[in-house]
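Notes for the one structure printed next.
The values are calculated or read from the model by the stated rules, or taken from the named source; none is laboratory data. Owing to the predicted nature of the structure, the values given are computational and were not obtained by experimental measurement. We place every Cβ from the backbone using ideal geometry, glycine too, and count neighbours over all the protein chains shown. Ligands, DNA and RNA are excluded from the accessible area calculation, which covers all protein heavy atoms including side chains. Shrake-Rupley method; radii C 1.70, N 1.55, O 1.52, S 1.80 Å.
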Amino acid sequence: MSGLLAQQWTSVDGFLAGVNGEADVFAAVSDFTGSEAHNTALLADIDEVLLGRRTYEKFAEYWPTAVDEPMAAQVNGLAKTVCSTTLTAATWGEHAPARVVPDPVDHVRAQRATGARMIVWGSVSVMRALLAAGEVDELELFVAPIALGAGTPLLAPGAAPLPLRLTDSQTWPGGVIRLRYTVG
C-alpha cells in the first residue's frame, strides 16, 4: 500500500451510520474476525492513522486500555494525527499523543512528500475533505449485512460522482464483504 487509504464501514445501501449513529451499522455484524485479521495485516504497512475529532475521542477512550484486543499494540504504537480545528492536544493514554493539525488536505499533501503510508479510519468529514481534494488513493469498504434506508451517506449530498475501480474483494464470516477500490 502507498499513499492514502480511506477505510469505512457501510450498510449495503451506502450509509456509514444510521439515524442513531454508527451503532446501526455495527449492530448488524455478528463476527468481526475477518476485519480484525485484515487490519492486523494491513497495519504492518501503515505509517500513520488519520482521525477526525469525534473518531479520535471514541478511539482514545477505547484503544489505550484495550490490552486484550489483537490489534491494540499496533493501533497504540502507530503515529496518529487528529484533524481538528477545536483541539489543541490529543492524548492517547500512556502512549505517545497524537499530533493535531487543522487541515487534513494540507497535512496529507505534506506527508506524501515523505512517502508516508496513511489510513483514514471512519472520520467522515476528514474522508470527504480528502476525497474532494483528490487526495484519497484507495477506498476500502466493509459492507455490513444491513440496509438502513437513512443516515450518513458515504458522499456528502451534492458531491461529484466518485469513479472507482475494484481491485480486491473478500467475504467474511457473518456476511461482511470487503471491497477495495482505486479512486479515480
Cα centroid distance between region 26-89 and region 112-177, in Å? 16 Å
Highest to lowest packing among 69-76, 125-132, 168-175, scored as the average C-beta count within 10 Å: 125-132, 69-76, 168-175
Ordering of 113-120, 8-15 by burial proxy (mean other Cβ atoms within 10 Å per residue, highest first): 8-15, 113-120
Residue-averaged 222 nm ellipticity for the chain, from DSSP H runs of 4+ at -39500 (n - 2.57), nearest 500: -7000 deg cm²/dmol
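In whole percent, and with a 1.4 Å probe on the protein chains, what portion of the accessible area of region 106-184 is carbon and sulfur?
57 percent
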Karplus ³J(HN,Hα) for region 116-124 (6.51 cos²θ - 1.76 cosθ + 1.60, θ = phi - 60°; Hz, whole; x = Gly/Pro) runs 4, 9, 10, 9, 9, 9, x, 6, 4
At 1.4 Å probe size, with the rest of the protein present, what percent of the exposed accessible area of region 1-47 is carbon and sulfur atoms? 55 percent
What are the ³J(HN,Hα) couplings of region 143-158, residue after residue, when phi is run through the Karplus curve with 6.51, -1.76, 1.60 and θ = phi - 60°? Round to Hz, x for glycine and proline. 8, 7, x, 7, 10, 9, x, 6, x, 8, x, 4, 9, 5, x, x
Suppose all protein chains stay in the model; what accessible area per residue would a 1.4 Å probe give for region 14-173, in Å²? 50 Å²
About its Cα centre, how strong a charge dipole does region 48-184 have in debye, to the nearest 20, once Lys and Arg get +1 and Asp and Glu get -1 at the Cβ? 280 debye
Length-normalised contact order of the chain in % [C-alpha pairs under 8 Å, at least 6 apart]: 35 percent
Determine the gain in length on full extension of the stretch residue 147-residue 114; use 0.36 nm per residue of separation and subtract their C-alpha separation, reporting nm with one decimal. 7.9 nm
Through the Karplus equation 6.51 cos²θ - 1.76 cosθ + 1.60, θ set to phi - 60°, convert the phi angles of region 13-18 into ³J(HN,Hα) values in whole Hz; use x for Gly and Pro. 9, x, 9, 7, 8, x
